[in-house]
Amino acid sequence: MHPHFGHFFARHHGSRGVGHFGKGFMDGGGMGGHGFGMGRKLASVDLQLLILGLLAEKPHHGYEIIRALDERSKGFYVPSPGMVYPALTYLEEIGHATIETDGTRKLYHITDAGRRHLEENRADVDSLFAQFGRVGARMERVRRALRAEESAEDSTTGQERRGCKELLRARRDLKSALGDKSDSSRQEQQRIVEILKRATAEILGP
């Protein structure tokens, strides 16, 4: 997780605000196994693969694709209609998707060519969705930590809240950092344990 994630959430901790922050991951190019960046836009080729992955499960309307990506990433990646519909149009033009008229709406289906392309890039698609899950889970932990801190702040008096403002912020940042490290290696977790032991000893004093 980016080192400033905790500070961002401290400023923007509404559950839907996260979607705007998470509109994208990289400024260009594919994921390449490097994980999520902090750019403003997911590469179009990756978005197209994600859409094909969803269409392979079942036909979708455009808004359903946006909602599905929102849900799978727990609000981290919420593409705008201006990103999704041009991607769908392109997939139709190259023969990877077809459109069925569903009343006044369009229902998108994957074609055999689209399935072949998807399977050729299955590893990339699975990696993208897996990273959605990991980032979404981390953000969910941060949200829970923030809600707990807000409850703690609300339960204090105005004077106590002013006096403990810096302490509460430090606790919040610590919880965010620990949540980010929850799936780290055993060696890294042991390093964190030693840091916390030293910090505890210093706080308690002689």
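The values are calculated or read from the model by the stated rules, or taken from the named source; none is laboratory data. Treat the numbers as computed from the prediction; the structure is a model and nothing was measured. Don't worry about glycine lacking a Cβ; one is built from the backbone with ideal geometry, like all the others, and counts go over all protein chains shown.
Go through segment 83-97 residue by residue and tally those that are in a helix (DSSP H, G or I) and touching a Leu at 6+ places or on another chain (Cβ under 8 Å).
Residues of segment 83-97 that are in a helix (DSSP H, G or I), as a first pass: 83-93.
Cutting the leftovers down to touching a Leu at 6+ places or on another chain (Cβ under 8 Å) gives us 83-84, 87, 91.
The qualifying residues number 4.
Scan segment 50-68 and give yes if some residue there is out of contact with any Ser or Thr (no Cβ under 8 Å at 6 or more places or on another chain), within 20 Å of R134 (Cβ to Cβ) and among the small types (G, A, S), otherwise no.
Looking for residues that are out of contact with any Ser or Thr (no Cβ under 8 Å at 6 or more places or on another chain), within 20 Å of R134 (Cβ to Cβ) and among the small types (G, A, S), one finds at least one in segment 50-68, hence yes.
State the number of residues belonging to segment 104-115 that are surrounded by 16 or more Cβ atoms within 10 Å (Cβ to Cβ), touching a residue at least 24 places away in the same chain (Cβ under 8 Å) and not in a strand (DSSP E or B).
1
For T101, which of the numbered conditions (1) among the hydroxyl-bearing types (S, T, Y); (2) at pLDDT 95 or above; (3) assigned to a strand (DSSP E or B) fails to hold?
In the conditions (1) among the hydroxyl-bearing types (S, T, Y); (2) at pLDDT 95 or above; (3) assigned to a strand (DSSP E or B), T101 misses (2) alone.
Output the residues belonging to segment 55-82 that are within 17 Å of the chain's Cα centre (by Cα), in a helix (DSSP H, G or I) and not β-branched (V, I, T).
First pass over segment 55-82, keeping only residues within 17 Å of the chain's Cα centre (by Cα): 65-80.
If we keep only those that are in a helix (DSSP H, G or I) as well, we get 65-72.
Listed by number, the residues that qualify are R67, A68, L69, D70, E71, R72.
Would you point out the residue of segment 153-188, among those that are of a type outside the set (D, E), modelled with pLDDT of 75 or more and touching a helix residue (DSSP H, G or I) at 6+ places or on another chain (Cβ under 8 Å), that is farthest from M139 (Cα to Cα)?
Taking segment 153-188 and keeping what is of a type outside the set (D, E), we get 155-159, 161-165, 167-172, 174-179, 181-182, 184-187.
With the extra rule that they be modelled with pLDDT of 75 or more, the set shrinks to 167-172, 174-175, 177-178, 185-187.
After this cut, where a residue has to be touching a helix residue (DSSP H, G or I) at 6+ places or on another chain (Cβ under 8 Å) as well, the list is 168-169, 171-172, 175, 177-178.
On the way: L168: 19, R169: 17, R171: 17, R172: 14, K175: 12, A177: 12, L178: 12 Å.
Filtering segment 153-188 for residues that are of a type outside the set (D, E), modelled with pLDDT of 75 or more and touching a helix residue (DSSP H, G or I) at 6+ places or on another chain (Cβ under 8 Å), the one farthest from M139 (Cα to Cα) comes out as L168.
Might you check whether a residue that is within 26 Å of the chain's Cα centre (by Cα) and either modelled with pLDDT of 80 or more or on the phi < 0 side of the Ramachandran plot (or both) occurs anywhere in segment 189-200? Outline the logic, then answer.
Of all residues in segment 189-200, those within 26 Å of the chain's Cα centre (by Cα) come to 189, 192.
Among the residues that remain, those that are also either modelled with pLDDT of 80 or more or on the phi < 0 side of the Ramachandran plot (or both) are: 189, 192.
Yes, segment 189-200 contains at least one residue that is within 26 Å of the chain's Cα centre (by Cα) and either modelled with pLDDT of 80 or more or on the phi < 0 side of the Ramachandran plot (or both).
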